[in-house]
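The structure appears right after this line, and notes come after that.
Computed from the coordinates by the stated procedures, all read-outs in this text should not be read as laboratory data. In this text the structure is predicted, and so the values were computed from the model without any measurement. Using ideal geometry, Cβ is built from the backbone for each residue, glycine included, and neighbour counts are taken over all protein chains shown.
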Amino acid sequence: MKADLLTTARWHITNRSGMPWSEDVTAELLDLINDKLGFPAPGTPEAELVPIAPLPKVDSSQHIALCLGHGRAGDEGNVGAGGVSEEDYNLPVIQLVAGWLREWGIRVSIYSLYKGNGYESAMRWLAQQMLTDGITGAVEFHFNAYDKKAKGHEVLHWKDSVRGVTLAKSILDALDQAYPNRVSRGLKPKSPKDRGALFLSLPHCPCALVEPFFGDNPAEWSQFDETGERALLAKVIAGGIRSWIRTQWKGSTP
C-alpha cells in the first residue's frame, strides 16, 4: 500500500468518519495501517481522499513450521539470567505465535521434540519430517547469550538461500519496528561451520533462526521475561511471518 492510501484510511478511522468506498475496516487492515504509518495520521482534506488498496491475500497453500531450538533430549540450550532455559522460555512463545498464525488462516506445525542422538542427526530428522509434512517455511526459536552485557535482536539465515533471506528480513523488520529503541544486530548469513548452519541449510524450504534478545543480560531478561512482553514478542514474530507469506509465489526456489 502507498502511504497516502494508508493515511486516508487512518484519517477516517481516527475521526470515526464514514468510509467513502466499500472497503471494510477490519482489524487486520487497522494493524497494517498502524504497522506502515506508526503514528496518527493528520487530518486529510476531503478533496484528497482516495480509495484504499486491497490487502494482499494470504496464500492458503503455505504451511509454516515453528521449531523449538535445542528441542532434543538433554539439550536445553542457553540459560537466561532468571534461570530459565531457551527450551522452557520459547515453547510458550511458539504456542502464542501459532495461535496468531492460525487465527490469520495460516497452517502451522510445531516441532518441539527432535529425534536423534546429536545435533546433526536431529537436524537431519527434522529436515526429513518437514519435507514429509509439506512445510513451506520454517522458523527456529532461540535466545542469545554471550558476556551478560551484549544486547539486541538478530535473525539468522543460510547464506545461499534467496527466500531464506526474505523470511529472515521480514521477521527482522517486524522486530525493528516493534522495538525501535533496542539494538538491531541485523541479518546474519550463515556458512557450514557456523552455529545453526544445519537447521538453515538442510531443509528443502526457506528457514530463519530468530534470536530476539540476550538471555544472559539481566536487563534484557527482565524485559522479555514479563508475560505481556512475551505475548507482544510472539505477535511481532507472527506478524513478520505473515508479511513474508504475502510476498510468496508458487514455483519459487528456497
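A crude spin-label estimate for the pair Asp160 and Leu113, with each label 7 Å from Cα along the Cβ direction, gives 3.5 nm.
Simple spin-label estimate for His204 and Asp88 gives 3.8 nm between the two label positions (7 Å along the Cα-to-Cβ direction from each Cα).
Taking label points 7 Å from Cα along the Cα-to-Cβ direction, Ser61 and Glu229 give a separation of 4.1 nm.
Using R0 = 22 Å, the C-beta based FRET efficiency linking Lys149 and Asp176 works out to 0.55.
Distance from the alpha carbon centroid of region 85-118 to that of region 130-150 works out to 10 angstrom.
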